[in-house]
Amino acid sequence: MNISSAILPALVLGVFLYGVFKKVDVFAAFTEGAKENLKIAIGLLPTLVFLSLGVGTLRASGALEALSRLASPITEFLGFPAECFSLAILRPISGSGALAILENILEDCGPDSFAGRVASVLMGSTETTFYTIAVYFGATKIKKTRHALGSALAGDISAFILSALAVRLFLGR
């Protein structure tokens, strides 16, 4: 048995022993925490269903591909591969949808192609902005996100543009 497979059981045992040492009813504390987290999960469910439905609709309707064709003059001017545009659009909304698009790009263009490298850098340098804001702000019941959405989308747009530039600078076209 290697050390990495023993870390989680050791951590759980350590928390249990700490609770026993502090004379805490570990089972009651665990069930109370599970109840609270279940309430949060139920509260977040409508938002997550809406995001999943929206992503599925975008992909199934062909809207992503149409938007990609429409934006191709801009992406060409920026030196951004057209194959990666739908990834850049979907990544702030859905991690699993973006992962499926990344897989398609890697299969169609190859992992060592310019588009494959840009897509990989883009996946690693952006966040599922809308999902993250929905989950974290929803869990903490924050209604006014102030500048969080704008700042996060500015970061995503920067990554969109700079991913192609970074690949070109460090790995060539």
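The values are calculated or read from the model by the stated rules, or taken from the named source; none is laboratory data. This is a predicted model, so every value here is computed, not measured. Cβ atoms come from the backbone with ideal geometry, glycine included; neighbour counts cover every protein chain shown.
Annotations for the structure displayed:
- When we screen 44, 78 for residues that are farther than 25 Å from residue 168 by Cα, touching a residue at least 24 places away in the same chain (Cβ under 8 Å) and in contact with a helix residue (DSSP H, G or I) (Cβ under 9 Å, 6 or more places away or on another chain), the only hit is 44.
- Summed over the stretch 99-129, residues that are among the acidic types (Asp, Glu) and free of Cβ contacts under 8 Å to residues at least 12 places away in the same chain total 3.
- Residues that are more than 20 Å from residue 89 (Cα to Cα) and of a type outside the set (D, E, K, R), drawn from the stretch 125-146: 136, 137, 138, 139, 140, 142, 145
- Of all residues in the stretch 65-88, those satisfying the criterion of being hydrophobic (A, V, I, L, M, F, W, C) and surrounded by fewer than 20 Cβ atoms within 10 Å (Cβ to Cβ) are 66, 67, 70, 71, 74, 77, 78, 82.
- The residues in the stretch 17-72 that are of a type in the set (D, E, K, R) and under 26 Å from residue 160 (Cα atoms) can be counted, and the count is 3.
- Among the residues listed as 55, 49, the single one being at pLDDT below 85 and either out of contact with any helix residue (DSSP H, G or I) (no Cβ under 9 Å at 6 or more places or on another chain) or surrounded by fewer than 12 Cβ atoms within 10 Å (Cβ to Cβ) (or both): 49
- Taking the criterion of being part of a loop (DSSP other than H, G, I, E, B) and either in contact with a helix residue (DSSP H, G or I) (Cβ under 8 Å, 6 or more places away or on another chain) or among the aliphatic types (A, V, I, L, M) (or both), the residues of the stretch 110-142 that qualify are 110, 111, 126, 127, 128, 142.
- Screening residue 96 on (1) loosely packed, with under 13 Cβ neighbours inside 10 Å; (2) of a type outside the set (Lys, Arg); (3) over 30 Å from residue 45 (Cβ atoms); (4) at pLDDT below 85 shows it passes everything except condition (3).
- Test: residue 163 is under 23 Å from residue 70 (Cβ atoms) and within 15 Å of the chain's Cα centre (by Cα): no
- Residues satisfying the criterion are absent from the stretch 111-126 (criterion: of a type in the set (D, E, K, R) and at pLDDT below 90).
- Of the listed requirements (1) touching a Cys at 6+ places or on another chain (Cβ under 8 Å); (2) buried (at least 22 other Cβ atoms within 10 Å of the Cβ), residue 116 misses just one: (2).
- Scope the stretch 134-155; condition at pLDDT below 85 and under 14 Å from the mean Cα position of the chain (by Cα); matching residues: 134, 135, 136
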